[in-house]
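So the structure is just underneath, and the comments pick up after that.
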Amino acid sequence: MGVKLLDAWVSPFGQRVRIALAEKGVEYEYVEENLAEKSRLLLESNPVHKKIPVLIHDGNPVCESLIIVEYIDDVWDKKPHLLPAHPYLRAQPRFWADFVDKKIYECGTRLWKLKGEEQAEAKKEMIEILKLLAAELGDKTYFGGDAFGFVDVALVPFTSWFYSYERCAGFSVEAECPEIVAWAKRCMERESVKKTLYDPEKVYEFVCFLKKRYGVE
Amino acid sequence: MAKEVKLLGQWVSPYVLRVQIALELKGVSYEYLEQQFGENKSELLLKSNPVYKKVPVLIHKDRPICESAIILQYIDEVWGAGGPAVLPSDPYERAIACFWVSYIDDKFGPSLVGLIRGKTDEENAAAAEQAILGLELLEEAYEKSSRGKRFFGGDDVGYLDIVLGSSLRWIEVIEIMRGIKLLDNAKFPLLMAWAERFRAAAVVKKLMPEAGKLMEYAKEVQARMNAAAAN
C-alpha cells in the first residue's frame with residue numbers, strides 16, 4: 001500500500017509528479033520503468049495508454065500527469081496548495097497547464113526530429129508559445145503569483161529541455177524570452193525542482209541518443 | 001442590465017452543448033451568443049479567447065473561461081448549490097472521471113472528426129476503428145464507474161455523462177453519413193441503455209440539436225470540402 005510512482009527518469013511528465021510529491025512532503029516508492037520493456041504492473045495500471053507516469057495510491061492507479069498533480073493537491077490538502085481555492089483562480093491555471101500540455105512537448109519533438117523548413121516552422125512556433133507564456137507570467141514571481149503553483153509544476157520540467165531545443169534548432173530561449181529563463185532560475189531555487197530536474201547537458205545526451213535511434217543526423 | 005453570464009457558442013458544437021447542459025443543470029441564467037463560422041470571428045470571441053479563438057467561451061462577470069472541460073469544472077465550483085454535483089466529490093473518482101474526459105477529448109472525439117472529414121476509405125476505416133475501440137473502453141468504464149446506477153456519475157447526470165453524451169447526436173449523423181454502426185446494441189448494450197437515459201433527461205431533450213438540421217450541416221461541410229478538393 002502507500003504511494004508508488006511508475007516513471008522514467010527523463011520524462012518531464014513524470015517530473016511534474018515528482019515535484020508535486022516533493023512539494024507536499026509525500027513519501028513514495030519510485031519505480032523506474034524500462035519503456036522498451038514495460039512492466040506488467042504498468043500495463044495493468046494504465047491499460048489504455050500504457051504510459052508513465054502512473055501514481056498508484058493504496059493500490060489505485062491514477063494516470064495522466066496533470067490529473068495526478070491535481071489528485072495529489074486534493075488528497076494532501078495542505079500547504080503548499082498548488083491550485084487556489086477560488087474557482088476563477090483555478091480555471092486560469094488549468095487553462096495554461098493544458099496549453100503547456102497541448103503545445104510544448106509536441107512542438108519540442110518536432111524541433112529535434114525534423115530538419116529544414118519543418119524544423120524552422122517548429123522553431124517559430126516554439127518561440128511564439130514561449131512568448132505567450134512569458135506574457136501570462138508578466139512580472140509575477142511564479143505563474144501562481146507569489147506562490148509556486150500548478151502551471152509552474154506543469155512547465156518547469158521542460159526548462160531542462162530548452163538547451164536541447166536551442167542546440168537542435170539554433171536559437172536562444174534567453175534572447176527570445178528572458179522572463180521565462182529568469183522564472184526558471186527562480187524555480188530551480190526550490191528544493192523540489194532542484195532535486196528533480198536533470199542537467200540540461202544530460203537531457204541533450206538523451207536527445208542525441210533519440211536522434212540516432214530515429215536516424216536524424 | 002447586461003446578463004452576468006454569457007456563453008459564446010455555435011449550435012453544431014458538442015463542446016458548446018456540454019456547457020449549456022451544465023448551466024441548465026445548475027439553473028444558471030445566461031445570454032447565449034451564437035458565433036459565426038469561418039473567418040468572421042467576433043471581436044468578443046477574439047478578445048475572450050485570443051489563444052485558440054474557439055467556442056465555447058463562458059464569460060462570467062466579464063471574465064472569460066475557455067476549454068469546455070475546464071468550463072464544466074468552473075460551473076460546478078461556482079454554482080455548486082444550484083444542482084447536484086457534476087464532478088465526483090471523492091478525489092479518486094474525480095481523477096477517474098477526468099481521465100475518461102481527457103481520453104474522449106484526445107482520442108475519441110478526434111476519431112469522430114476523422115469520420116466526418118475522412119476523404120479516403122482508408123482514413124474512414126482507421127477513424128472508425130479508433131471510434132469503436134473508444135466505445136469498447138467506455139462500455140467497460142461505464143460498467144466500472146456507474147456500479148449499476150443510471151449514469152457514469154451515479155443517480156444524476158455527471159461530468160463524464162455530459163462530455164460523452166454531448167457527442168451522441170453527431171454519432172447518429174456519422175452513422176447515417178458513413179453507413180456504419182458505431183453504437184451497436186449487440187456490442188455496447190450498457191452504453192446504448194445509458195444513451196437512451198441521457199437523451200431522455202429533460203435538460204438534454206431541451207438542448208440537443210435536431211438530427212435533421214445537423215445532418216444538413218454535415219452534408220454542407222462535406223460538399224464544401226469536396227469542392228475545395230476538386231479545385
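The values are calculated or read from the model by the stated rules, or taken from the named source; none is laboratory data. Note that this is a predicted model, so its numbers are computed, not measured. Every residue, glycine as well, gets a Cβ built from its backbone with ideal geometry; the counts of neighbours run over all protein chains shown.
If you check B:Ala195 against the conditions, is it modelled with pLDDT of 95 or more and either assigned by the TED database to the domain that holds B:Val28 or in a helix (DSSP H, G or I) (or both)? If you could, list the steps in order and put the result at the bottom.
Details: modelled with pLDDT of 95 or more: yes; either assigned by the TED database to the domain that holds B:Val28 or in a helix (DSSP H, G or I) (or both): yes.
Taking the combined requirement at face value, the residue satisfies it.
Would you please name the residue that is nearest to B:Ser29 (Cα to Cα), looking only at residues in segment B:179-231 that are surrounded by 15 or more Cβ atoms within 10 Å (Cβ to Cβ) and small (Gly, Ala, Ser)?
Looking at residues that are surrounded by 15 or more Cβ atoms within 10 Å (Cβ to Cβ) and small (Gly, Ala, Ser), I get B:Ala201.
Search segment A:35-54 for residues being assigned to a loop (DSSP other than H, G, I, E, B), surrounded by fewer than 16 Cβ atoms within 10 Å (Cβ to Cβ) and in contact (Cβ under 8 Å) with a residue 24 or more places away in the chain, and hand back the single one that is nearest to the chain's Cα centre (by Cα).
A:Leu35
Can you tell me which residue within segment A:134-158, out of those that are more than 14 Å from the chain's Cα centre (by Cα) and not in a loop (DSSP other than H, G, I, E, B), is nearest to A:Arg90 (Cα to Cα)?
Per the stated criteria, the residue is A:Gly145.
Would you check which residues across segment B:59-71 are in a strand (DSSP E or B), at the interface with another protein chain (Cβ under 9 Å from one of its Cβ atoms) and among the hydrophobic types (A, V, I, L, M, F, W, C) and list them? Please lay out each step first, then the result.
Residues of segment B:59-71 in a strand (DSSP E or B): B:59-60, B:63-66.
The next check asks that each one be at the interface with another protein chain (Cβ under 9 Å from one of its Cβ atoms); those that pass are B:60, B:63, B:65-66.
Answer for segment B:59-71, where residues must be in a strand (DSSP E or B), at the interface with another protein chain (Cβ under 9 Å from one of its Cβ atoms) and among the hydrophobic types (A, V, I, L, M, F, W, C): B:Ile65, B:Cys66.
Check A:Arg94, A:Arg110 and return the single one that is within 30 Å of B:Val78 (Cα to Cα) and basic (Lys, Arg).
On the way: A:Arg110 fails: within 30 Å of B:Val78 (Cα to Cα).
Selected residue: A:Arg94, the only one of A:Arg94, A:Arg110 that is within 30 Å of B:Val78 (Cα to Cα) and basic (Lys, Arg).
Quick one: how many residues across segment B:75-85 are part of a helix (DSSP H, G or I) and either among the aromatic types (Phe, Trp, Tyr) or modelled with pLDDT of 95 or more (or both)?
In the first step, residues of segment B:75-85 are kept if they are part of a helix (DSSP H, G or I); the result is B:75-78, B:80-82.
Going one step further and asking which of them are either among the aromatic types (Phe, Trp, Tyr) or modelled with pLDDT of 95 or more (or both), we end up with B:75-78.
Qualifying residue count, segment B:75-85: 4.
State the number of residues belonging to segment A:11-30 that are closer than 29 Å to B:Ile104 by Cβ and either in contact with a Cys (Cβ under 8 Å, 6 or more places away or on another chain) or not in a helix (DSSP H, G or I) (or both).
1
What number of residues within segment B:26-68 satisfy the criterion of being hydrophobic (A, V, I, L, M, F, W, C) and farther than 24 Å from B:Leu112 by Cβ? Can you show your working first?
First, the residues of segment B:26-68 that are hydrophobic (A, V, I, L, M, F, W, C): B:28, B:33, B:37, B:44-46, B:51, B:55, B:57-59, B:65-66.
After this cut, where a residue has to be farther than 24 Å from B:Leu112 by Cβ as well, the list is B:28, B:33, B:44, B:46, B:59, B:65.
Counting residues in segment B:26-68 that are hydrophobic (A, V, I, L, M, F, W, C) and farther than 24 Å from B:Leu112 by Cβ gives 6.
Results for (1) at the interface with chain A (Cβ under 9 Å from one of its Cβ atoms); (2) out of contact with any Phe, Trp or Tyr (no Cβ under 6 Å at 6 or more places or on another chain); (3) over 26 Å from B:Met215 (Cα atoms); (4) outside any helix (DSSP H, G or I), shown as yes or no for each residue.
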residue	(1), (2), (3), (4)
B:Gln73	yes, yes, yes, no
B:Pro88	no, yes, yes, yes
B:Tyr92	yes, yes, yes, no
B:Ser102	yes, yes, yes, no
B:Asn124	no, yes, no, no
B:Ala131	no, yes, no, no
B:Gly148	no, yes, yes, yes
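Taking segment A:71-112 as the search range and keeping residues that are of a type in the set (Lys, Arg) and touching a residue at least 12 places away in the same chain (Cβ under 8 Å), which one is surrounded by the most Cβ atoms within 10 Å (Cβ to Cβ)? Give the steps one after another, and end with the answer.
Pass one, segment A:71-112, residues of a type in the set (Lys, Arg): A:78-79, A:90, A:94, A:102-103, A:110.
Next, from what is left, pick out any that are touching a residue at least 12 places away in the same chain (Cβ under 8 Å): A:78, A:94, A:103, A:110.
Details: A:Lys78: 9, A:Arg94: 22, A:Lys103: 18, A:Arg110: 18.
Once the filter is applied, the top-ranked residue is A:Arg94.
Would you pick out the residues in segment A:56-75 that are at the interface with chain B (Cβ under 10 Å from one of its Cβ atoms) and either over 18 Å from B:Ala97 (Cβ atoms) or aromatic (Phe, Trp, Tyr) (or both)?
Pass one, segment A:56-75, residues at the interface with chain B (Cβ under 10 Å from one of its Cβ atoms): A:57-58, A:60-64, A:66-68, A:70-75.
Those that are at the interface with chain B (Cβ under 10 Å from one of its Cβ atoms) and either over 18 Å from B:Ala97 (Cβ atoms) or aromatic (Phe, Trp, Tyr) (or both): A:Asp58, A:Tyr71.
When segment A:64-110 is examined, which residues are found to be over 27 Å from A:Ile127 (Cα atoms) and among the hydroxyl-bearing types (Ser, Thr, Tyr)?
Scanning segment A:64-110 gives A:Tyr71, A:Tyr88.
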